[in-house]
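Shown next, in structure tokens, is the structure this report addresses.
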Amino acid sequence: MYNKGSQVRLIPALVFLAFSGSAAASGFQLQNQNAAGTSVAYAGAAAVAEDASTIFFNPAGMTYLPMGHSVSVGGTAIHRSVKFKNTGTTPMPVINPLTNLPTGAFHTAGGNGGNGGGTGVAPGLYYSYAVSEALRLGLGFSVTYGSETEYEDDFIGRFSGRYTSIHQMNLNPSVAYKVNDKVSVGFGLNYAKSEIEFRQNAPFVGAPEGRLEGDDTAWGWNIGAMFQLTPATRLGVSYRSKIKFDLEGKQKIAAPLNVNRDITANLETPDTFSLAFSHKATERLELLADATWNGWSSVSSLDPMVGAARATAPLRYNFDDTWRFGIGAKYQLNDKWNLRAGIAYDQTPVPDKASRTMTVPDSDRTWLAFGARWKMSPNTSVDMGYARIFFKDVSTARAVMNTAETATLQTVRGDFKTHANLFSLQVNHQY
């Protein structure tokens with residue numbers, strides 16, 4: 001009967017994509033937790049402590065902010081272009097929903113799907129309060145994962161994935177303490193909420209659309225330290241924990257199947273570690289650098305469930321851990337303007353063509369960024385930044401399997417060309 005085989009990996013694809021689709025960082029993370037970092041490609045983010053957005057990258061940086069209240073509010077508009085070119089996708093057989101066997105007919109192949117990218121906004125809001133010279137409290141709000149990918153209805157890869165919508169919001173209460181003039185430490189909790197939707201076509205008569213929606217909330221933590229090695233040189237280290245989500249949602253497949261049932265699945269987002277430097281080369285010139293490790297190997301496979309029974313065969317990714325490297329510079333032009341630029345290289349965790357999905361055609365990428373900070377008044381500044389992200393052209397050979405993983409129904413083969421433009425604005429105020 002249909003009740004298991006018809007899923008054809010639909011549920012695990014949804015669950016995995018809850019943490020995917022980001023245009024601005026490797027894998028599925030959204031790098032743009034503040035707008036100020038865009039102009040330097042987030043180089044040295046864990047060592048930069050110039051406004052309240054340090055709460056996310058290294059909470060210890062709050063001890064470098066002025067006494068009183070510090071607020072940073074901003075956002076980044078992300079425009080992503082994702083274009084697919086078919087290079088030999090095999091036909092998808094029409095499956096009988098009663099027997100889960102091919103009928104002998106094949107679905108219409110379809111086209112390249114148009115531009116699967118789009119435009120979205122990543123907001124950030126941060127507040128820090130100096131209880132004393134040594135003790136600081138803070139609260140941050142940002143979107144740690146978020147994207148939307150949508151191809152045209154007749155996309156040739158529609159049986160592997162056609163649409164995703166992902167929103168994961170993060171609330172980050174934090175505390176920092178200045179041990180002495182050279183050492184500061186910080187700690188934060190992370191309360192994350194994910195809301196996701198995934199759509200693809202099922203390979204049955206009429207190719208009905210399958211839709212999954214799910215959400216969950218979960219807790220994580222982060223910790224950081226800053227070391228003022230010399231008056232001109234600062235070292236920052238930070239760590240962000242894994243977060244385990246127990247996703248709950250619905251699976252719906254349109255008529256004539258008329259499926260509507262509950263699903264669950266477990267997933268841990270990767271932990272990250274960053275080592276960053278800030279060095280004042282001259283009174284006007286500041287140099288930045290960082291190396292950030294992401295533990296993507298924690299994502300190897302997913303096993304969605306319907307009640308106590310397995311909903312479908314595990315979806316295997318075999319992700320690799322990754323590194324990100326960035327360098328940047330800031331130049332104090334005059335009392336009002338600080339000019340900035342940066343470059344970064346970000347590895348993808350996707351190990352091979354077979355693991356690359358339609359809605360997350362992730363690849364290695366390079367950032368080129370520039371911008372400025374304008375000091376409007378002694379207490380208020382505005383950050384403006386632009387970044388172009390160049391994704392390496394890559395291919396996919398993604399198999400659509402039956403539930404038992406005993407047969408490949410279709411292999412989607414094609415090339416991806418992707419790029420992204422980021423436009424950031426942030427206002428900072430102390431009082």
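The values are calculated or read from the model by the stated rules, or taken from the named source; none is laboratory data. Not measured: the values here are computed from a predicted model. Note that we place each Cβ from the backbone using ideal geometry, even for glycine, and neighbour counts take in every protein chain shown.
Restricted to region 255-272, and to residues there that are surrounded by fewer than 16 Cβ atoms within 10 Å (Cβ to Cβ) and under 22 Å from Ser194 (Cα atoms), the residue that is modelled with the lowest pLDDT is Asn266. Considering region 198-222, and only residues there that are in contact with a Ser or Thr (Cβ under 7 Å, 6 or more places away or on another chain) and touching a residue at least 60 places away in the same chain (Cβ under 8 Å), the residue that is nearest to Thr63 (Cα to Cα) turns out to be Asn222. Count of region 286-337 residues, restricted to those that are free of Cβ contacts under 8 Å to residues at least 60 places away in the same chain, farther than 23 Å from Ala45 by Cβ, over 25 Å from the mean Cα position of the chain (by Cα) and not in a strand (DSSP E or B), is 5.
Applying the set (1) within 19 Å of Thr89 (Cβ to Cβ); (2) basic (Lys, Arg); (3) touching a residue at least 60 places away in the same chain (Cβ under 8 Å) to Lys353 leaves exactly one unmet item: (3).
Filtered by the rule that a residue be part of a strand (DSSP E or B) and of a type in the set (Gly, Ala, Ser), region 275-285 gives Ala276, Ser278. Summed over region 64-82, the residues that are crowded, with 17+ Cβ neighbours inside 10 Å and under 24 Å from the mean Cα position of the chain (by Cα) give a count of 8.
Of the residues examined, Pro256 is one that is more than 28 Å from the chain's Cα centre (by Cα) and not polar (S, T, N, Q).
Of everything in region 167-188 that is of a type in the set (A, V, I, L, M, F, W, C) and touching a Ser or Thr at 6+ places or on another chain (Cβ under 8 Å), the residue that is farthest from Leu212 (Cα to Cα) is Ala176. Among the residues making up region 136-167, those that are buried (at least 24 other Cβ atoms within 10 Å of the Cβ) and assigned to a strand (DSSP E or B) are Arg136, Gly138, Gly140, Ser142, Thr144, Tyr145, Gly146, Ser147, Thr149, Phe155, Thr164, Ile166. Taken over region 387-425, the criterion of being touching a helix residue (DSSP H, G or I) at 6+ places or on another chain (Cβ under 7 Å), farther than 30 Å from Met67 by Cα and either at pLDDT 95 or above or in a strand (DSSP E or B) (or both) is satisfied by Ala387, Ser395, Thr396, Ala397, Arg398, Ala399, Leu422. Within region 290-325, being surrounded by fewer than 19 Cβ atoms within 10 Å (Cβ to Cβ) and aliphatic (A, V, I, L, M) holds for Ala291, Met305, Val306, Ala308, Ala309.
Every residue, every condition in (1) aromatic (Phe, Trp, Tyr); (2) touching a residue at least 12 places away in the same chain (Cβ under 8 Å); (3) surrounded by 15 or more Cβ atoms within 10 Å (Cβ to Cβ); (4) within 17 Å of Thr149 (Cα to Cα), yes or no:
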position: Val382; (1), (2), (3), (4): no, yes, yes, no
position: Gly385; (1), (2), (3), (4): no, yes, yes, no
position: Ala397; (1), (2), (3), (4): no, yes, yes, no
position: Met401; (1), (2), (3), (4): no, yes, yes, no
position: Ala404; (1), (2), (3), (4): no, yes, no, no
position: Gln410; (1), (2), (3), (4): no, yes, yes, no
position: Thr418; (1), (2), (3), (4): no, yes, yes, yes
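Identify, by number, the condition in (1) more than 24 Å from Ser238 (Cα to Cα); (2) surrounded by fewer than 19 Cβ atoms within 10 Å (Cβ to Cβ) that Leu275 doesn't meet. It is condition (1) that Leu275 fails.
Here Gly27 clears all of (1) touching a Pro at 6+ places or on another chain (Cβ under 9 Å); (2) modelled with pLDDT of 80 or more; (3) at positive phi except the condition numbered (2).
Within region 227-248, identify whether any single residue is outside any strand (DSSP E or B), under 26 Å from Val306 (Cβ atoms), touching a residue at least 40 places away in the same chain (Cβ under 8 Å) and not β-branched (Val, Ile, Thr), and answer yes or no. Yes, region 227-248 contains a residue that is outside any strand (DSSP E or B), under 26 Å from Val306 (Cβ atoms), touching a residue at least 40 places away in the same chain (Cβ under 8 Å) and not β-branched (Val, Ile, Thr).
In this structure, Gly44 does not qualify as in contact (Cβ under 8 Å) with a residue 24 or more places away in the chain, part of a strand (DSSP E or B), crowded, with 24+ Cβ neighbours inside 10 Å and not aliphatic (A, V, I, L, M). Can you confirm whether Arg340 is assigned to a strand (DSSP E or B), touching a Lys or Arg at 6+ places or on another chain (Cβ under 9 Å), touching a residue at least 12 places away in the same chain (Cβ under 8 Å) and among the basic types (Lys, Arg)? Criteria met by Arg340.
If you scan region 340-374, which residues turn out to be surrounded by fewer than 22 Cβ atoms within 10 Å (Cβ to Cβ), farther than 20 Å from Ile389 by Cα and not small (Gly, Ala, Ser)? Pro351, Asp352, Lys353, Trp374, listed by residue number. The test for being in a strand (DSSP E or B) and modelled with pLDDT of 95 or more holds for Ala176. If only residues of region 197-226 that are more than 17 Å from the chain's Cα centre (by Cα), assigned to a strand (DSSP E or B) and of a type in the set (A, V, I, L, M, F, W, C) are counted, the one that is surrounded by the fewest Cβ atoms within 10 Å (Cβ to Cβ) is Trp219.
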